[in-house]
1. Using only the alpha carbons of the chain, determine the length spanned along each of the three principal axes and report them from longest to shortest in whole angstroms.
2. Set the Förster radius R0 to 30 Å, insert the Cβ-Cβ distance between residue 158 and residue 180 as r into 1/(1 + (r/R0)^6), and round the FRET efficiency to 0.05.
3. On a 30 Å Cα-Cα criterion, which of the cross-link pairs 160/245; 80/198; 32/133 come out too long?
4. Could you pull out every one of the aspartates and glutamates with an alpha carbon less than 19 Å from that of residue 115, ignoring same-chain neighbours closer than 8 positions?
5. Excluding ligands, DNA and RNA, what is the solvent-accessible area per residue of region 177-263 at a probe of 1.4 Å, expressed in Å²?
6. In the chain, with Lys and Arg counted as +1 and Asp and Glu as -1 at Cβ, which of these residues, 21, 69, 259, has the Cα nearest the positive end of the dipole, that is, farthest along it?
7. On a straight-distance basis, which aspartates and glutamates could pair with residue 62 in a cross-link, Cα separation under 16 angstrom, same-chain partners fewer than 8 positions away excluded?
8. So how long is each side of region 177-263 along the principal axes, counting just the alpha-carbon atoms, biggest first, in Å?
Amino acid sequence: MKKIVSLLIVVVLFCSCSEYQKALKNEDVAAKFEVATKMYEAGKYSKAIRLFEQLAPSYRGKPQAEKLFYMFSQSYYKSKQYYLAGYQFESFVSGYPRSEKVQEAAFLGAYSYSKLAPVYSLDQTDTQKALEKLQAFIDNYPNSEYIAQANESVKILNGKLEKKAYENAKGYNTISDYKSALVAFDNFIADFPGTPFKEDALFYKYDSAYKLAINSIPSKMEERLNVAKVAYGNLIKFNSATKYKVQADEMNARVETDLQKFTK
């Protein structure tokens, strides 16, 4: 019995491959479309894509074109070819604005770009592009069933930009470029006021101001010590029981001691 089942599977696979190979060479676009649809419905997206690529020029403007280009877009998406999926879905939305699939296509087009967004430590150009696409979807379809998912994607993407900006600012502190660190932390706090990294950012801003001050030439030290004192105050104001309190208090004691030299 097992041998019979195995034989049947082999026969079905052979017939499927044979049908697909014939369709690739077939000049009958209707027959090719039928096989392409079968491949799509069977989840054989790579084969479906090859057939859709052949069919696309012939079907533009025809009644079945909407179905073809929807399946074409989905095939790219489901085979994780997100750049091509995004492009095809955008073309679908542009070509078929009255389609019942238009909101789904608009969302998946934008969402495809979010799939291209890299980890936070890499260049975030694709993340920015995905955010623009998703925001455009949110603006165009505020009542869509996909809004919650779109907003969640925006939150995740913004989190990558937030983490990237924080690590960049902290990186200046790590390499002792304290002037750049102060600017970067100021920008970070302004750009992401509700960030979960705010306490860390305030501490490392203070740490940068402190180290810049105590290593300054005498003519610039007083001014920089006062900048550090303000940074300390901002940290304590944000969280009086900060996890950095012991270290911050020790640093502030040094700042206060050094400032006394300028009051005599």
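1. 97, 48, 30
2. On the way: r = 24 Å, r/R0 = 0.78.
E(calc), rounded to 0.05, equals 0.80.
3. Working: 160/245 28 Å; 80/198 36 Å; 32/133 34 Å.
Result: 80/198; 32/133 exceed 30 Å.
4. Counting by Cα, and skipping residues close in sequence, residue 115 has these aspartates and glutamates nearby: 90, 104, 123, 126, 132, 152, 162.
5. Numbers: 4700 Å² over 87 residues.
Each residue of region 177-263 exposes 54 Å² on average to a 1.4 Å probe.
6. So the residue we want is 21.
7. Within the straight-line limit of under 16 Å, residue 62 reaches these aspartates and glutamates: 28, 34, 53.
8. 38, 27, 17
The values are calculated or read from the model by the stated rules, or taken from the named source; none is laboratory data. Predicted model only: the values in this text are computed from it and were never measured. All Cβ positions, even for glycine, are placed from backbone atoms using ideal geometry, and neighbour counts span all protein chains on display. Heavy atoms of the whole protein, side chains included, go into the accessibility calculation; ligands, DNA and RNA do not. Shrake-Rupley method; radii C 1.70, N 1.55, O 1.52, S 1.80 Å.
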